[in-house]
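> Quick one: the structure is below, questions incoming.
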Amino acid sequence: MLLSIYKGEDMCGIYGYIGEKSVEEVMKGIKRLEYRGYDSAGIAFQSGEKLNEDENTTNGENITVIKNKGEISNLERIVLNKNLKSNVSIGHTRWATHGEPSIKNSHPHLSGDGRWAIVHNGIIENYLDLKEDLGLQVESETDTEVVALLLEKYYNGNVLSTIKNVCEKLNGSYAFAIITSHSPNKIFVAKRNSPVVVGYGKRYGVVCSDINSIKGANIYVLENEQYAVIERGKINIFDKNLMAINTSELGVVKKVEGGKLGDYSHYMLKEIDEIPTAIKRTVNLYNNIDTLNDALHKLKFKNILIIGCGTAYHAGLIGKRLFEEEGIHCECEIASEFRYKPFVDKKNTLAIFVSQSGETADTINALKLCKQKGLKTLAITNVRNSSITFVADYCIYTCAGSEIGVASTKAYNCQLAIFHILSKYFNYIKNGDSKMFYDEIKNLKSIATLIRNNEIKPICRHIAQKIYKSKSIYMIGRGLDYSIAAEASLKLKEISYIHCEAYPAGELKHGTISLIDKNTFVFAFVTQEKIKDKTFSNINEVVAREGKIILFSPFDNSNKKVVEEIKVPKIKERYYPLFIINYLQLISYYTALLLGNNPDKPRSLAKSVTVE
Ligand code: AGP
């Protein structure tokens, strides 16, 4: 039954609260959801008092709506100043898909008579038809406002049956939280194909689009076509015919992990500094064969397919190489590509899905596809109870702790640690050699200890200072070094907004080298003995075009024209990605700061990409 926790795609967040200080509770709730996007946010609350109206504030009938563009702190500034008293509030964070990020388009939406306020996750596919057929006058470009108008239009004296009748007219996906002056002191919830959970405690009730962002409470996961009516201290759940039902309770969800900034100015830096501890925690969770036997039931397979997006995909590239070293055939695919290409059934394949958040739409949909095709599926995720954990056959957890910065850092290192562990565990399953497994565990812990960010911060700041005015940067390497380049270049571009491309070093001369001139920095990674001479030749080719090489290598370099050389310690070659990426995470961070960007919330991005 829990399978249906995830079936929709939306980038927004819903939080509703009924009980004392509901406005403050909702503001805290939507802050926890900010990772889903931060284009705009809004809150609606029941109140007998009318506020002065302005571009942010609208009064309905005993309902007031306040919205603002940009980060939630912009809304918070207005809301928390007003000392608002209300026991019933619903809030929303938005990442624009239909219509620009604006106050008008942000949720909640009020009906024309001001008696209904609604927040919505999902997409109503027939909203334009409904609007035109019924001649509805809307102010925003959203599908949600149409629903608010339908509630007003079809109100039949019974709120729940009105909501049901309206939902039956809608095509597409939704999780709605609705308040109405027709039935005060309640929050009404409806769900189809967009995740939503409801809960209650002694004196409160709560609704949230994300199970990990709901606080306390006895939690119920709503199924498709179910409705909930939330009151203080109780919840009633109804099926599609409005028959009251008992649904299984998930119990009290563990305290929401807050991720406090402490003395740090940004989560990203804090999270990079947490990498050694995060790796050790992850390794300690899976540091023996019995634990893995329990988690994976001694899975047997011939081939591996790794699927992920962005940084998770880049971790997969390393995983592929590590599995290949154990003689296991492995492919690694970008989730959004994999889903639309012909499916070639390699018999006996284990499909591994990597996702920090466990909420990425493309990855989850690729997982569902693989399940349909009969593949065994394993999720590697950082978030317990995330949607992916309800869909995959098996789960392995990275223990990075909550990652709040949009740029993934410590989660990536932990994903690599898991691939290292799995590669030796699968080898053990095949060959029965447990020594190699336990050596790997030991080695991973030593590498974690070798990562000393405080020692490398000065050089990273220095490199950032050199490159921050660049228009375009390239990163090259071969094999594992190319995978480092791929992740490093994503990190740099997503938070600095500098164009940056990763290239397999040998491929540069087949076209891209024509872009290298005296203004171009090229990061080169050379950590693999077997191919080092080849990459050094490629470095010479760049230098010959006056390109400015920044070299990361444990090997001696003879090219005197390399502008920066970072001599990394000699370690076993397979661990270099885990070790070197820290330099690049820090360089990206300092570059973003020099450019005046907020590395925690880069423009146009969200932590969790829940649209396809
Ligand atoms: C990483 O820095 C990015 N923000 C992004 O590429 C991310 O890794 C990708 O969206 C996948 O997210 P997931 O791991 O939560 O599935």
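> In segment 382-406, which residues are near the ligand (Cβ under 9 Å from one of its atoms) and over 23 Å from VAL283 (Cβ atoms)?
Scanning segment 382-406 gives a single hit, VAL406.
> Count, please, the residues in segment 70-110 that happen to be touching a strand residue (DSSP E or B) at 6+ places or on another chain (Cβ under 8 Å) and of a type in the set (S, T, N, Q).
Result for segment 70-110: 8.
> Run ASN224 past the list (1) over 19 Å from PHE390 (Cα atoms); (2) over 23 Å from the mean Cα position of the chain (by Cα); (3) not β-branched (Val, Ile, Thr) and report the number of the one that doesn't hold.
(1)
> Which pairs turn up if I take residues in segment 301-318 that are over 20 Å from LYS371 (Cα atoms) and open to solvent by 10 Å² or more (accessible area, probe 1.4 Å) and look for partners that are more than 10 Å from the ligand (Cβ to nearest atom) and assigned to a helix (DSSP H, G or I) with beta carbon separation below 7 Å, at least 6 apart in sequence or on another chain?
From segment 301-318, the pairs are HIS314/SER483; HIS314/ALA486; LEU317/SER483; LEU317/ALA486.
> If a residue has to be open to solvent by 40 Å² or more (accessible area, probe 1.4 Å) and either over 22 Å from ILE418 (Cα atoms) or within 14 Å of the ligand (Cβ to nearest atom) (or both) to count, how many in segment 327-338 make the cut?
3
> Let me ask something else. Is one or more of the residues making up segment 453-476 more than 29 Å from LYS607 (Cβ to Cβ), of a type in the set (S, T, N, Q) and more than 16 Å from the ligand (Cβ to nearest atom)?
no
> Scan segment 93-108 and give yes if some residue there is in a loop (DSSP other than H, G, I, E, B), open to solvent by 20 Å² or more (accessible area, probe 1.4 Å) and among the small types (Gly, Ala, Ser), otherwise no.
yes
> Scan LEU416, LEU378 and give me the residue that is more than 11 Å from the ligand (Cβ to nearest atom) and crowded, with 24+ Cβ neighbours inside 10 Å.
Sole residue among the options that is more than 11 Å from the ligand (Cβ to nearest atom) and crowded, with 24+ Cβ neighbours inside 10 Å: LEU416.
> Here is a follow-up. Given the criterion under 17 Å from GLY60 (Cα atoms) and surrounded by 21 or more Cβ atoms within 10 Å (Cβ to Cβ), identify the matching residue among VAL166, VAL146, VAL189, VAL138.
Just a single option satisfies the conditions, and that option is VAL146.
> Residue check: is ILE66 farther than 24 Å from ASP113 by Cβ, open to solvent by less than 10 Å² (accessible area, probe 1.4 Å) and in contact (Cβ under 8 Å) with a residue 12 or more places away in the chain?
It is false that ILE66 is farther than 24 Å from ASP113 by Cβ, open to solvent by less than 10 Å² (accessible area, probe 1.4 Å) and in contact (Cβ under 8 Å) with a residue 12 or more places away in the chain.
> Cβ-Cβ distance below 9 Å, separation of 6 or more or different chains: which pairs start in segment 588-612 with a residue that is within 18 Å of ASP210 (Cβ to Cβ) and more than 10 Å from the ligand (Cβ to nearest atom) and end on one that is modelled with pLDDT under 75 and β-branched (Val, Ile, Thr)?
The qualifying pairs are VAL611/THR97.
> Enumerate the strands (runs of 3 or more DSSP E) found wholly within segment 159-245, keeping only those where 2 or more residues are of a type in the set (Ser, Thr, Tyr). First the steps, then the outcome.
Details: elements: 174-180, 187-192, 197-200, 205-208, 218-221, 226-231, 234-238.
Result: 174-180.
> Here is a further query. Within segment 339-365, take every residue that is at pLDDT 95 or above and of a type in the set (A, V, I, L, M, F, W, C) and give me the one that is nearest to the ligand (Cβ to nearest atom).
The residue in question is VAL354.
> Report every pair of residues separated by at least 6 positions or lying on different chains whose Cβ atoms are under 6 Å apart, first residue within segment 498-519 and closer than 18 Å to TYR468 by Cβ, second assigned to a loop (DSSP other than H, G, I, E, B) and open to solvent by 50 Å² or more (accessible area, probe 1.4 Å).
LYS518/GLU546
> Given ILE429, ILE421, which one is open to solvent by 30 Å² or more (accessible area, probe 1.4 Å), closer than 25 Å to SER355 by Cβ and part of a helix (DSSP H, G or I)?
On the way: ILE421 fails: open to solvent by 30 Å² or more (accessible area, probe 1.4 Å).
Matching residue, one of ILE429, ILE421: ILE429.
> If I ask for residues that are in contact with a Cys (Cβ under 9 Å, 6 or more places away or on another chain) and open to solvent by less than 40 Å² (accessible area, probe 1.4 Å), which ones from segment 220-246 would you list?
Going through segment 220-246, the residues in contact with a Cys (Cβ under 9 Å, 6 or more places away or on another chain) turn out to be 225, 227, 240.
Within segment 220-246, just TYR227 meets the criteria.
One line per residue, one yes/no per condition, for (1) farther than 22 Å from VAL65 by Cβ; (2) among the hydrophobic types (A, V, I, L, M, F, W, C):
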position: GLY135; (1), (2): yes, no
position: GLU139; (1), (2): no, no
position: THR144; (1), (2): no, no
position: ASN158; (1), (2): yes, no
position: ASN171; (1), (2): yes, no
position: HIS182; (1), (2): no, no
position: VAL197; (1), (2): yes, yes
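> Would a scan of segment 572-580 turn up a residue that is in a loop (DSSP other than H, G, I, E, B), touching a residue at least 40 places away in the same chain (Cβ under 8 Å), open to solvent by less than 60 Å² (accessible area, probe 1.4 Å) and of a type in the set (Val, Ile, Thr)?
Checking segment 572-580: not a single residue is in a loop (DSSP other than H, G, I, E, B), touching a residue at least 40 places away in the same chain (Cβ under 8 Å), open to solvent by less than 60 Å² (accessible area, probe 1.4 Å) and of a type in the set (Val, Ile, Thr).
> Can you give me the number of residues within segment 120-157 that are out of contact with any Ser or Thr (no Cβ under 9 Å at 6 or more places or on another chain), in contact (Cβ under 8 Å) with a residue 12 or more places away in the chain, in a loop (DSSP other than H, G, I, E, B) and under 18 Å from ILE103 (Cβ atoms)?
Final tally of qualifying residues: 1.
> Also, I was wondering about something else. Checking the structure you have, find out if any residue of segment 401-417 is in contact with a strand residue (DSSP E or B) (Cβ under 9 Å, 6 or more places away or on another chain) and among the charged types (D, E, K, R).
There is no residue in segment 401-417 that is in contact with a strand residue (DSSP E or B) (Cβ under 9 Å, 6 or more places away or on another chain) and among the charged types (D, E, K, R).
> Can you tell me how many residues within segment 472-497 are farther than 24 Å from SER558 by Cα, open to solvent by 50 Å² or more (accessible area, probe 1.4 Å) and touching a residue at least 40 places away in the same chain (Cβ under 8 Å)?
Of the residues in segment 472-497, 1 are farther than 24 Å from SER558 by Cα, open to solvent by 50 Å² or more (accessible area, probe 1.4 Å) and touching a residue at least 40 places away in the same chain (Cβ under 8 Å).
> For segment 535-545, give me each residue that is part of a helix (DSSP H, G or I), in contact (Cβ under 8 Å) with a residue 24 or more places away in the chain and open to solvent by 20 Å² or more (accessible area, probe 1.4 Å).
If the condition is that a residue be part of a helix (DSSP H, G or I), in contact (Cβ under 8 Å) with a residue 24 or more places away in the chain and open to solvent by 20 Å² or more (accessible area, probe 1.4 Å), then GLU541 is the only one that fits.
> Determine whether ASP290 is open to solvent by 50 Å² or more (accessible area, probe 1.4 Å) and under 15 Å from LEU378 (Cβ atoms).
The answer is no for ASP290.
> Against the conditions (1) farther than 27 Å from ALA488 by Cα; (2) open to solvent by 40 Å² or more (accessible area, probe 1.4 Å); (3) in contact with a Cys (Cβ under 8 Å, 6 or more places away or on another chain), where does ARG281 fall short? Just the number, please.
(1)
> From (1) basic (Lys, Arg); (2) open to solvent by less than 80 Å² (accessible area, probe 1.4 Å); (3) more than 14 Å from MET475 (Cα to Cα), pick out the condition that doesn't hold for LYS548.
For LYS548, the exception is condition (3).
> Given (1) open to solvent by less than 50 Å² (accessible area, probe 1.4 Å); (2) within 21 Å of SER181 (Cα to Cα), identify the lone condition not met by ASP113.
Only one criterion is unmet by ASP113, namely (1).
The values are calculated or read from the model by the stated rules, or taken from the named source; none is laboratory data. Just so we're clear, the structure is a prediction, and the values are computed from it rather than from any experiment. Glycine also receives a Cβ, built like all others from the backbone with ideal geometry; neighbour counts cover every protein chain displayed. Accessible surface is based on the protein model in full, side chains and every heavy atom, while ligands, DNA and RNA are left aside. Shrake-Rupley method; radii C 1.70, N 1.55, O 1.52, S 1.80 Å.
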